[in-house]
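Enquirer: Got a structure here, written out as structure tokens. Questions coming.
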Amino acid sequence: MKLVTLTLAATVALSASPLVKKAQESGLQAIPTSKTELMKLIDNPKNKITPEKVALGKQLYFDPRLSKSGLISCNTCHNLSEGGDDGVSAAMGHKWTANPHHLNSPTVYNAVFFDAQFWDGRDPDLEKQAQGPMQAAPEMAATQEHVASTVNSMPEYVDAFKKAYGKDVKITFEKIADTIASFERTLVTPSAFDDYLNGDEKAMTAAQKKGLETFIDLGCATCHNGVALGQSMNMLNVVAEYKHMNVGDFKGDANGMVKVPTLRNVTQTAPYFHNGQIWSLQDAIKEMGRIQLGVAVTDAQADSVAEFLGALEGRKPDISVPMLPKSTATTPKPDMN
């Protein structure tokens with residue numbers, strides 16, 4: 001059996017096309033086809049994914065009552081019906097407040113593959129990240145007490161938490177955030193690119209394959225690599241300054257590092273850059289070439305890379321809008337102030 005396994009592995013390795021090998025050597029990785037292998041990438045040992053947690057987390061993700069106004073849910077800024085973002089330059093929150101740093105909402109799709117969350121990478125995982133927007137004044141503007149009281153006020157939620165965590169569960173703000181994160185961890189979108197890297201030579205068109213080669217040759221994979229094609233922290237303005245750097249005051253973390261955004265579903269997540277100032281994908285490619293690589297990307301090269309990025313349009317999970325528990329007399333009332 002061991003000999004057969006080694007022979008099969010050698011056969012697969014030998015059958016991989018030169019472009020697939022080139023992509024893998026450049027650090028590009030496919031979403032695994034095996035559920036077991038995928039779970040190794042998306043599960044959190046401290047917050048194991050279960051069907052009960054995911055179903056409950058989905059309800060909480062769509063529930064606007066977790067916000068101070070009762071109008072804003074996680075899905076407001078991370079719309080799962082589209083690209084997993086909100087499609088505007090700066091995120092809009094409580095009382096129609098724009099993000100004070102003029103930051104753009106990143107997509108939640110495939111965020112599980114990131115090494116760090118938020119543009120400045122300040123949180124290590126989705127569990128910690130989920131706590132932020134609920135409490136942020138320009139976003140959902142709630143307190144931890146409001147969120148916990150809201151959920152605890154509804155018997156249906158209480159019963160669902162007991163099913164997910166056991167009858168002695170204490171429904172805290174942190175537990176609610178963990179549950180939302182369990183749902184977000186399942187928002188993975190395999191694409192034609194993954195099919196191609198996983199062995200289906202016909203999954204990508206000739207133009208997309210040429211675009212992949214252009215993408216690698218230009219040096220894009222230097223930062224946009226891994227399973228997310230952009231999951232780590234890196235410097236912005238490596239060789240030149242981004243032409244819209246004056247919009248907002250964001251400069252990265254303490255070391256000037258910025259989270260490299262995923263390129264998965266990038267055709268659906270305009271506008272681009274941290275402050276959402278570029279709407280054309282080709283223009284974004286050219287600007288990245290100029291400021292990060294010191295390369296004057298031609299129209300033909302930008303079109304070629306854009307063709308490849310189309311192969312990253314993923315198959316999204318089939319998500320229906322969940323029915324939410326009814327409010328009770330003890331459910332906190334909406335507060336628009």
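A short reminder: the numbers here are calculations on the coordinates, not readings from a lab. Since the model is a prediction, treat every value here as computed from it, not as a measurement. Neighbour counts run over all protein chains shown; Cβ positions are idealised from the backbone, glycine included.
Enquirer: Enumerate the residues in region 258-283 having an amide nitrogen under 20 Å from the point lying 7 Å beyond the Cα of Lys210 toward its Cβ.
Expert: 281-283
Enquirer: Just to be sure I follow the definition: excluding the sites themselves, where is the longest run in the chain that has none of the chymotrypsin sites (Phe, Trp or Tyr not before Pro) in a DSSP loop with at most 16 other Cβ atoms within 10 Å?
Expert: Numbers: sites that count: Phe118, Trp279.
Formally, the longest exposed-site-free interval is 119-278.
Enquirer: Across region 202-207, in residue order, what do the Karplus-derived ³J(HN,Hα) couplings come to in whole Hz, using 6.51 cos²θ - 1.76 cosθ + 1.60 with θ = phi - 60° and x for Gly and Pro?
Expert: 8, 5, 10, 6, 4, 5
Enquirer: Positive end of the dipole of the chain, charges at C-beta (+1 Lys, Arg; -1 Asp, Glu), about the Cα centre: which of Ala55, Leu281, Gly132 has its Cα farthest in that direction?
Expert: With unit charges placed on the Cβ atoms, the residue in question is Ala55.
Enquirer: Starting from 0.36 nm per residue, how many nanometres of slack lie between Glu174 and Asp200 once their C-alpha separation is accounted for?
Expert: Between Glu174 and Asp200, full extension yields 5.1 nm more.
Enquirer: Treat each spin label as a single point 7 Å out from the Cα along the C-beta direction, and report the Thr222 to Asp303 distance in nm.
Expert: Here the modelled spin labels are 2.6 nm apart.
Enquirer: When only DSSP loop residues count, what trypsin sites (Lys or Arg not before Pro) in region 156-199 have their Cβ near at most 11 other Cβ atoms within 10 Å? Before the final figure, lay out each step's value.
Expert: On the way: sites: Lys162, Lys163, Lys167, Lys170, Lys175, Arg185; in loops: Lys167, Lys170, Arg185.
Those that pass, being in a loop and sparsely packed, are Lys167, Lys170.
Enquirer: With θ taken as phi - 60° and the coefficients 6.51, -1.76 and 1.60, list the Karplus ³J(HN,Hα) couplings across region 309-316 in order, rounded to whole Hz; mark glycine and proline as x.
Expert: 4, x, 6, 9, 5, x, 7, 7
Enquirer: Based only on the alpha carbon positions, what is the Kirkwood hydrodynamic radius of region 47-184, in angstrom?
Expert: About 15.1 Å, per the Kirkwood formula over Cα pairs.
Enquirer: Want the number for Asn237 to Asp115: 0.36 nm per residue separation, take away the alpha-carbon distance, what's left?
Expert: Contour length minus Cα-Cα distance gives 41.8 nm.
Enquirer: What does the charge dipole of region 247-337 about its Cα centre add up to, to the nearest 20 debye, if the Cβ of each Lys and Arg holds +1 and the Cβ of each Asp and Glu holds -1?
Expert: About 400 debye.
Enquirer: Cross-link list Lys48/Lys68; Lys21/Lys209; Lys48/Lys333; Lys128/Lys259; Lys210/Lys316: which exceed 23 angstrom alpha carbon to alpha carbon?
Expert: Table pairs above 23 Å Cα-Cα are Lys48/Lys68; Lys48/Lys333; Lys210/Lys316.
Enquirer: Here are several values of Rg and Dmax of the Cα atoms in Å: (i) 18.6, 55; (ii) 20.0, 67; (iii) 21.3, 69. Which one was derived from the coordinates shown?
Expert: Given (i) 18.6, 55; (ii) 20.0, 67; (iii) 21.3, 69, the calculated one carries the label (iii).
Enquirer: Measure out, as a whole number of angstrom, how far apart the alpha-carbon centroids of region 41-120 and region 180-217 sit.
Expert: With region 41-120 and region 180-217 each reduced to a Cα centre, they are spaced 23 Å.
Enquirer: Something else about it: Where does helix 173-184 land angle-wise versus the long Cα axis of the chain, in degrees 0 to 90, nearest 10?
Expert: It is inclined by approximately 40 degrees.
Enquirer: Looking at the chain, which longest stretch skips every one of the GluC sites (Glu not before Pro) that is in a DSSP loop with at most 16 other Cβ atoms within 10 Å, leaving the sites themselves out?
Expert: The longest such stretch corresponds to 83-200.
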